[in-house]
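A short write-up of the structure that comes next.
The values are calculated or read from the model by the stated rules, or taken from the named source; none is laboratory data. Just so you know, these numbers come straight off a predicted model, no measurement behind them. Cβ: placed from backbone, ideal geometry, glycine included. Neighbour counts: every protein chain shown. For the accessible areas, the whole protein counts, side chains as well, though only heavy atoms, and no ligand, DNA or RNA atoms are used. Shrake-Rupley method; radii C 1.70, N 1.55, O 1.52, S 1.80 Å.
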Amino acid sequence: MTVVAVPEPETAMPLPDFCRFRRLLALVAVVEVMALMFALIVPSETPQLLAARIVLTSAYLQIISLLCAAGLCALRRLLAGRPRSPVFLIAWLLIVAVAGVVSLAGYAASREFLDPGVLSGESRAWFVLRNAAVAALAGFLLLRYFAARAQWEDHIRTESEARYQSLSARIRPHFLFNCLNSIAALIAIKPAAAETMVEDLSDLFRASLAKGDPQITMAEELDLVRKFARIEQTRLGARLGIDWDLPEAVMPMSIPRLTIQPLVENAVHHGAARTRGPVTIVVRAKLEGDLLVVEVINPTPPEDAETHSSGSQTAIANIAQRVRLLYGAEASLDLRREEGSFCARLQLPARPLNADGS
């Protein structure tokens, strides 16, 4: 039997994104520092000659860098998704060609308008060849750096997605255990209510097992939260009330799937389920500047109330890790105890979810 090795498809190479102004500004600053270094390396007989060399070197390098940035910006769109090797070669040849053309023009301009000593008596061919070689080496290193950085970012993103999925999976067994207990208690006494709970539970698990982009709209997330709340209100009856304070402005905002539900679950099991009398849980969402703020508030149980397991605490910790993986320092989950109540406050970047899911 002959085994034929199937070559792995060559991955695409993302070009540096110089279409963004901040990255272009950083490029200008770095090139200016390099121009100053190059000008100071070459000995100058007079301060006037040094000043002329600094101006010429700065203008020369800035023109090359800006033209290369414009070319790479255009190539980024034209060559998006193409194999790595041709993209690398085309981008590298662009840098070398731009350096050669600008060197040729710069040499002619310096001979016409500047002191010939600025170029240290170099011939035109040697000047163009030397600068093209420097651009070739610098361009090669630059493109290799961005390729390695893109590969590293892909690796980090893959690890983060795997960890995110792992944290999501750890929430499901705890949630399933609580829901099945509720359904089992209702089957004999309220079969119709038990059937409704099974339907709500199936919808919740369909959402929790969904693959792909974890982001959904607040409207979709709150629909899942209401299904969970209906399950618990059926189980606890009049003991549990929920006050929804949800303005329409928050509904298009994106949020990771099943992020609010564990907060409400925590409020139910550490508030309502541990209190003998009726309680009201507040679910509130609002926009504060560039932030989407979600608060879930429940009354604190009496000191002599039965202590539950730490399962919900684990779910809360998982949520904090999930939003940190997705948003970094832009997101936070704060838990605070106030007089007579406990508040879980979630802050996420306020970003509307477009029709294409982005």
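Using only the heavy atoms of the protein chains and a 1.4 Å probe, how would T259, T46 rank by accessible area, largest first?
On the way: T259 0, T46 60 Å².
In descending accessible area the options line up as T46, T259.
Take each peptide in 332-341, 216-225, 24-33, count the other Cβ atoms within 10 Å of every residue, and average; sorted highest first, the result is 216-225, 24-33, 332-341.
Rounded to the nearest Hz, the phi-derived 3J(HN,Hα) couplings of region 15-20 under the Karplus curve 6.51 cos²θ - 1.76 cosθ + 1.60 (θ = phi - 60°) are 7, x, 8, 8, 6, 8, where x marks glycine and proline. Of the peptides 181-191, 82-92, 65-75, the ranking by mean beta-carbon count within 10 Å, highest at the top, reads 65-75, 82-92, 181-191.
For R257, R130, give the ranking by accessible area with the largest first, probe 1.4 Å. Walk me through the numbers before you get to the answer.
Values: R257 45, R130 90 Å².
Descending accessible area places them as R130, R257.
Over all directions, how big on average is the projection of the convex hull of the alpha-carbon atoms in region 212-273, in square nanometres? Computing the convex hull of the Cα atoms and averaging its projections yields 4.4 nm².
Between R230 and Y327, what FRET efficiency follows from the Cβ-Cβ distance if R0 is 35 Å, with the result rounded to 0.05? Don't skip to the answer; put the middle values down first.
Numbers: r = 30 Å, r/R0 = 0.85.
Between R230 and Y327 the formula returns 0.75.
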